[in-house]
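Following: one structure in structure tokens, then a few remarks.
The values are calculated or read from the model by the stated rules, or taken from the named source; none is laboratory data. Just so we're clear, the structure is a prediction, and the values are computed from it rather than from any experiment. Cβ: placed from backbone, ideal geometry, glycine included. Neighbour counts: every protein chain shown.
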Amino acid sequence: MHELPVTESILNICVKHAEANNAKKIVAIELKVGEMSDLEDEWMQKYFDYLAKDSIAEGAKLKIERTPVVVQCNLCAHTFNVDIKKREKLLCPECEGTCTLISGKEYHIKNMEVV
Amino acid sequence: MEEVRLIEVKEDILADNTVVADDLRSKLKKEKTFMLNLMASPGAGKTTLILRTIEAMKNDLKMGVIEADIDSIVDAEKVQAHGVEAIQLRTGGFCHVDASMVLKGVNAMDLDNFDLLIIENVGNLVCPAEVDTGSVKNAMILSVPEGDDKPLKYPMIFTVCDALVVNKIDYLELSDFDMSAMRERVLTLNPDIKIFEVSSKTGEGIEAWANWLKEETNAFIG
């Protein structure tokens, strides 16, 4: 639902880095998006295409890699992946301790291809 | 043919917001003002719960409300009619409020006049969950008519909240809402969350909720 502000941030950050590196055009952007995000790849690309029109990022392809939801047990520090869509419990399989989310919510820009 | 170069970026998209949110929390700590971010679906009863909370607490704490729910002054006027200062953020149809928007609202208020600020976030269970508002604690409302399956459909918001208010329990008899199934689903996602069953209409359960909010406020403002 909030593709617009998220893609706008991606665009702004990428244009800033492209200009700092004297790039003429952004060809592709590699992103890591946490599995907890509800944003669909296809829609992020559509919003990006709309926002990037007439900028040096026009036509850039978003390469989106999904990162798993990872939690850590508050008691024994055991770290494990959770499939949130399959309703897996956020309890430690080793000791049933409660857990803290380590990753799975992020929107991270790794790198981009420019000319 | 021009050569394609790879540029390392390594930036988090929400990083700017996190910086503003952390600064805002430090400012609130310094000014001794607690701030609660209240999230819910449209129609879950955010404004009514806020009015009930004001009635239960306004003699003990100096309260204010930051309205972000919709781009109108309807909710702010209702709150002001209860004798509490309210400001309306013009979110312009935005799906959530971020820390910069809240900071603008906070800067427009004299924090000396407030122990507790409540943000009425935009009615939505998806986007507000992802964006730090700079609040000290997060709470959400799930109302009985929405159904007990919401923790399955919108897991993220349940993971970021410190308290869950299950509102409209006066509807329980008319519905097939399964309270124990809902509790289990929520506690699976967030074992530390505090759950309050209330009816803003009858006032049932409001006291326990207000007491939690008072304790959290007093613990923060010292």
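Only one of B:GLU216, B:GLU173, B:GLU184 is touching a residue at least 24 places away in the same chain (Cβ under 8 Å) and either out of contact with any Ser or Thr (no Cβ under 8 Å at 6 or more places or on another chain) or surrounded by 20 or more Cβ atoms within 10 Å (Cβ to Cβ) (or both). Can you tell me which?
Sole residue among the options that is touching a residue at least 24 places away in the same chain (Cβ under 8 Å) and either out of contact with any Ser or Thr (no Cβ under 8 Å at 6 or more places or on another chain) or surrounded by 20 or more Cβ atoms within 10 Å (Cβ to Cβ) (or both): B:GLU216.
Name the single residue that is nearest to B:ALA129 (Cα to Cα) among those in segment A:15-34 being surrounded by fewer than 19 Cβ atoms within 10 Å (Cβ to Cβ) and in contact (Cβ under 8 Å) with a residue 40 or more places away in the chain. Lay out the reasoning, then the answer.
Taking segment A:15-34 and keeping what is surrounded by fewer than 19 Cβ atoms within 10 Å (Cβ to Cβ), we get A:15-16, A:19-22, A:24-25, A:27-28, A:30, A:32.
Imposing the further condition that a residue be in contact (Cβ under 8 Å) with a residue 40 or more places away in the chain reduces the set to A:15, A:21, A:24-25, A:27-28, A:30, A:32.
Working: A:VAL15: 27, A:ASN21: 35, A:LYS24: 37, A:LYS25: 34, A:VAL27: 32, A:ALA28: 29, A:GLU30: 24, A:LYS32: 19 Å.
So, considering only residues that are surrounded by fewer than 19 Cβ atoms within 10 Å (Cβ to Cβ) and in contact (Cβ under 8 Å) with a residue 40 or more places away in the chain, the one nearest to B:ALA129 (Cα to Cα) is A:LYS32.
Step by step: first the residues of segment A:66-101, then only those that are surrounded by fewer than 15 Cβ atoms within 10 Å (Cβ to Cβ) and of a type in the set (Ser, Thr, Tyr), then the one that is modelled with the highest pLDDT. Which residue is that? Selected residue: A:THR79.
Report, by residue number, each residue of segment A:30-67 that is more than 8 Å from chain B (Cβ to nearest Cβ), among the hydrophobic types (A, V, I, L, M, F, W, C) and not in a helix (DSSP H, G or I). Quick ask: steps written out before the conclusion?
Step one: of segment A:30-67, the residues more than 8 Å from chain B (Cβ to nearest Cβ) are A:30-35, A:39-67.
Within this subset, residues satisfying the condition of being among the hydrophobic types (A, V, I, L, M, F, W, C) are A:31, A:33, A:39, A:43-44, A:48, A:51-52, A:56-57, A:60, A:62, A:64.
Matches in segment A:30-67: A:LEU31, A:VAL33, A:LEU39, A:ILE56, A:ALA57, A:ALA60, A:LEU62, A:ILE64.
Scanning segment B:187-200 for residues that are surrounded by 14 or more Cβ atoms within 10 Å (Cβ to Cβ) and either among the aliphatic types (A, V, I, L, M) or at pLDDT below 95 (or both) yields B:LEU187, B:THR188, B:LEU189, B:ASN190, B:PRO191, B:ILE193, B:ILE195, B:VAL198. Here A:ASN12 meets the list (1) more than 7 Å from chain B (Cβ to nearest Cβ); (2) more than 14 Å from the chain's Cα centre (by Cα); (3) touching a residue at least 12 places away in the same chain (Cβ under 8 Å); (4) part of a helix (DSSP H, G or I) almost entirely, failing just condition (3). For beta carbons closer than 8 Å, sequence separation of 6+ or different chains, a first residue in segment B:3-17 that is farther than 18 Å from A:GLY104 by Cβ and within 7 Å of chain A (Cβ to nearest Cβ) and a second that is of a type in the set (Asp, Glu) and assigned to a strand (DSSP E or B), the qualifying pairs are B:VAL4/A:GLU113; B:ARG5/A:GLU113; B:LEU6/A:GLU113; B:ILE7/A:GLU113. Can we say B:MET63 is closer than 20 Å to B:SER200 by Cβ, within 14 Å of another protein chain (Cβ to nearest Cβ) and surrounded by 14 or more Cβ atoms within 10 Å (Cβ to Cβ)? Answer is no for this residue.
Entry remark, segment A:102-115: residues being crowded, with 20+ Cβ neighbours inside 10 Å and in a strand (DSSP E or B) number 4 in total.
Restricted to segment B:18-44, and to residues that are without any contact (Cβ under 8 Å) to a residue 12 or more places away in the chain and more than 14 Å from chain A (Cβ to nearest Cβ), which residue is nearest to B:ILE141 (Cα to Cα)?
Residues of segment B:18-44 without any contact (Cβ under 8 Å) to a residue 12 or more places away in the chain: B:19, B:26, B:30.
Checking which are more than 14 Å from chain A (Cβ to nearest Cβ) leaves us with B:26, B:30.
Values: B:SER26: 26, B:LYS30: 29 Å.
So, considering only residues that are without any contact (Cβ under 8 Å) to a residue 12 or more places away in the chain and more than 14 Å from chain A (Cβ to nearest Cβ), the one nearest to B:ILE141 (Cα to Cα) is B:SER26.
Within segment A:86-94, is there a residue that is within 12 Å of chain B (Cβ to nearest Cβ) and in a helix (DSSP H, G or I)? Give the steps one after another, and end with the answer.
Step one: of segment A:86-94, the residues within 12 Å of chain B (Cβ to nearest Cβ) are A:86-92.
Next cut, in a helix (DSSP H, G or I) only: A:86.
Among the residues of segment A:86-94, at least one is within 12 Å of chain B (Cβ to nearest Cβ) and in a helix (DSSP H, G or I), which makes the answer yes.
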